[in-house]
1. What ³J(HN,Hα) values, in whole Hz, does the Karplus curve 6.51 cos²θ - 1.76 cosθ + 1.60 give for segment 171-186 when θ = phi - 60°, with x put for Gly and Pro?
2. Report P(r) for segment 39-168: all Cα-Cα distances, bin width 5 Å, range 0 to the bin holding the largest distance, values in whole percent.
3. Set the Förster radius R0 to 41 Å, insert the Cβ-Cβ distance between residue 131 and residue 271 as r into 1/(1 + (r/R0)^6), and round the FRET efficiency to 0.05.
4. Loop only per DSSP, at most 14 neighbouring Cβ atoms within 10 Å: give me the GluC sites (Glu not before Pro) in segment 164-273, ordered by residue number.
5. For residue 45, list long-range residues whose amide hydrogen, built 1.01 Å from N in the peptide plane, is under 5 Å from its own amide hydrogen.
6. What ranking do 80-87, 170-177 get when scored by the average of other Cβ atoms within 10 Å per residue, highest first?
7. So what does log10 I(q)/I(0) come out to for the chain at q = 0.08, 0.10, 0.13 Å⁻¹, using the Debye formula with one equal point on every Cα and no solvent?
8. Please give, to one decimal in nm, the separation of the simple spin-label points placed at residue 22 and residue 228, each 7 Å out from Cα toward the Cβ.
Amino acid sequence: MKKINFTKMAGAGNDFIVIDAAPGLNYKKLAGKACDRTKGIGADGLLVLDKSRKADYRMRIINSDGSEAEMCGNGARCIAAYIVRNKKPRKKLFTIETLAGIISAMATGEVARVQLSAPDGYQADITLTVNGRAMRVSYIDTGVPHVVVFVDGLEGIDVAGIGRVVRYHDRFQPRGTNVDFVEQVREDLVSVRTYERGVEDETKACGTGSVAAAVVACLKANPDARDKKAARMNVRTASGEVLEVSFDINGGEAANVWLKGSANFIARGEYYV
């Protein structure tokens, strides 16, 4: 039996098992077992902190189904807070290598800010047929693919049922997509519920989904905006926490995207493999 030291963390209700990289570990199998909420520790995913040749640190994100994600906004905040508490970086702003590119991060206590890679591939007003009905959606890649669906009456939406169909829709293969159901509350606030690829269910929050919702809401409200500095949008997640998203609009596209929110330490312990 092998013992692995772990830290349980949560960002806006999105929970993770955080470990330092160790030789010989099969992270995909470990995630499948450790993330099980009955037989394991229980989490939405496994975050592995490793060394990097390109940045100050490297983060690997393994979903609870064993698949590896390119990016996770809530996970990035948790890793940032973990680094500050356990690695004592000399720089306030440090860099983290991910599959989606190199991001910047900082943390103070249990609050972290991360600068994500620039959103890509924005497409507005895509028509999909879902369960025999036509839907109008938008698409954007915020490190991972997201479909954004604006709705009225967010609480009554069948997020798991509709989200699962859109997630596997032919239009978004072979990668598949996350699906964000978004309701505009006021000009500077949206509420979001997300079906997450890899978790294969609704989660209490999704960082990259919050960024997707914020950016798409702003672009749809300002279709003629070419250059706008420090645009801001608050995003209320299913957990009730409000995340802060800020970004610039350059040439009609979002850049310099920052995500701010909680990165809570829940527990530390030993997991037996």
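1. Values per residue, Gly and Pro as x: 4, 10, 7, x, 6, x, 8, 7, 10, 10, 9, 10, 10, 7, 8, 8 Hz.
2. 2, 9, 16, 18, 15, 14, 12, 8, 5, 1, 0, 0
3. On the way: r = 40 Å, r/R0 = 0.99.
My answer for the efficiency is 0.50.
4. Numbers: sites: 183, 187, 196, 200, 202, 241, 244, 253, 270; in loops: 187, 200, 241.
Taking segment 164-273 and a limit of 14 other Cβ atoms within 10 Å, the loop GluC sites (Glu not before Pro) found are 187.
5. Excluding prolines and chain starts, which carry no amide H, the hits are 17.
6. Result, highest mean first: 80-87, 170-177.
7. Computed log10 I(q)/I(0) values: -0.30, -0.48, -0.81.
8. 4.8
Every read-out reported here was derived from the displayed coordinates using simple, explicitly stated rules and does not represent laboratory data. Model, not experiment: these values are computed from the prediction. Counting neighbours? That spans all protein chains shown, and the Cβs are built from the backbone with ideal geometry, glycine included.
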